[in-house]
Structures are given as structure tokens and as C-alpha cells.
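Reading through the C-alpha cells given below for one structure.
The values are calculated or read from the model by the stated rules, or taken from the named source; none is laboratory data. Computed from a predicted model, the values in this text were never measured in an experiment. Positions of Cβ are backbone-derived with ideal geometry, glycine not excepted, and every protein chain shown enters the neighbour counts.
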Amino acid sequence: MLNQFSRTELLFGKEAMEKLENSRVAVFGIGGVGGYAVEALARSGVGTLDLIDDDKICLTNLNRQIFALRSTVGQYKVDIAKKRILDICPDIKVNTHKCFYMPDTADQFDFTEYDYIIDAIDTVTGKLEIIKRAKAAETPVISAMGAGNKLDPTAFRVADIYETKVCPLSRVMRQELRKAGIKNVKVVYSEEKPIRPIEDMAISCRDNCICPPGTARKCTIRRDIPGSNAFVPSVAGLIIAGEVIKDLTEIQ
């Protein structure tokens, strides 16, 4: 019988589609990278999605984030994402968590409940905690490395963290994971050398923050505010979703 996933089933087969329907994936961070990963997972038939992000949609998100529209500015990303996912497929179970994931909030999540974990957050401390907990729970995890300050979407690669090169975030993560005794982590990273953003305070969030009222973590507290675009983070997110789907279904 035809359904909204029939075209996908033509490629994957019925058994793989049943695996996706019975899978639960947690996505930590649903911004420029994580948002597109969520979109692809929902359109591929993943049965349960956990969305973890405490941010509200800001006007400056419109250039790259799939859940960002003029009509959604000021609203929580996880709420908008859930609404969109259920409009794509009402049968998907969506669990939302308005939470900034860090070691002090990590106990809110039981990683053994997930079949796969996507790390799409941008703080090293949080990323390390996600990976450590995923490894302890023996739950597959894939981590997004830096997508900001990049212009070449063809430069992304899928590799073990210890096989990466060029990417500054990957270098930091390798050092910290080695200290933690973690021997392997699948990542999506770019081999493009980061571009230094234009130093123009007139268009910088540093001096002109327009985060919605009630935003817990404003741009002004960030050490660096990267430049971004519509076509690099989205590609990273779609690559991540593809890896998750292939691993869950064991499709080569």
C-alpha cells in the first residue's frame, strides 16, 4: 500500500523501514546542522525523535536554520521543530527538552533509551559529555565538528575523530578524547581551512545582540561569533542524517 515513505522503501526495503520506525534518535542541538539532520530523519521514517535545545529562534538564524522563519522568531526551536515534524508525519513521537546540555544537566537523560545519538552542539564541554555518556551506554553517536566560517560544502568528510585533519575543533576534541581514554568517535568534519570573519561591529552580534527576550544564552557571552551561510551547515546536517539512517538500517 502506498504511503508517504513508499519512495524511500523502494530503495531501503520493508525491513529497513520497520527498523527506522522502531528507532529512537536523540538530537542534541537543532540549529544550522542539527535542524537539517532532524528534517531528514523525520522524512525518512524514524519513529521517535528527542530534540534537545534551549534556544529561541533569532532573526540572525534565518540565513541557515530550517526552522527559522519570520513567523517563528522568538519561539523555542524545539517547539517549532515538533510542530513541523508532526506536519510531515503525525505518527512520529517527538519528545522536546528545553535544555542546554552540559555536565550539570546530563543526568536528565538516559542514553540507554536511544538507538542513536547526534551531537550537533557547539560547546566542547557539552560535546565531550555527550560522547562520554554515549560510549558508557554503548549507544552509537555521531558528532558534528565545526561548520562555521566555511564556504565549501564539498569539503565535508565522514571519519573517525583520530583520522581528521585541518579542522581546529577536531584537533581540540581529539586531545580531550584521548585524555578520556575514548578510542573512536564517528564525526562529520570539513577539510576546508576556516575563513576569518570580517571584523565589522556594525553587523556583529557582539555589539548589536538581537536575541529574543528571555533567551538564556545570548550571543554576547560567546568567545567567538562565526560567520555562516545557508549551504554549508545544511550539508553537514544531511550527511549526519544519512550516516545515522545507514547505521540503523545496516544499509551499505
Any chance ALA16 is surrounded by fewer than 22 Cβ atoms within 10 Å (Cβ to Cβ), hydrophobic (A, V, I, L, M, F, W, C) and at pLDDT 95 or above: yes
Within region 42-65, tally of residues that are among the acidic types (Asp, Glu), part of a loop (DSSP other than H, G, I, E, B) and closer than 17 Å to ILE85 by Cα: 1
Those residues of region 149-184 which are without any contact (Cβ under 8 Å) to a residue 60 or more places away in the chain and outside any helix (DSSP H, G or I), in sequence order: ARG157, ALA159, ASP160, THR164, LYS165, VAL166, CYS167, ALA180, GLY181, ILE182, LYS183, ASN184
Residues of region 31-44 that turn out to be under 17 Å from GLU243 (Cα atoms) and buried (at least 24 other Cβ atoms within 10 Å of the Cβ), as a count: 7
Residue count, region 89-145 (criterion: in a strand (DSSP E or B), within 25 Å of ARG157 (Cβ to Cβ) and not polar (S, T, N, Q)): 7
Leading residue by the ranking (surrounded by the most Cβ atoms within 10 Å (Cβ to Cβ)) among those in region 69-99 that are among the hydrophobic types (A, V, I, L, M, F, W, C) and without any contact (Cβ under 8 Å) to a residue 24 or more places away in the chain: ILE80
Search result, residues across region 219-249 that are among the β-branched types (Val, Ile, Thr), at pLDDT below 95 and part of a helix (DSSP H, G or I): THR220, ILE221
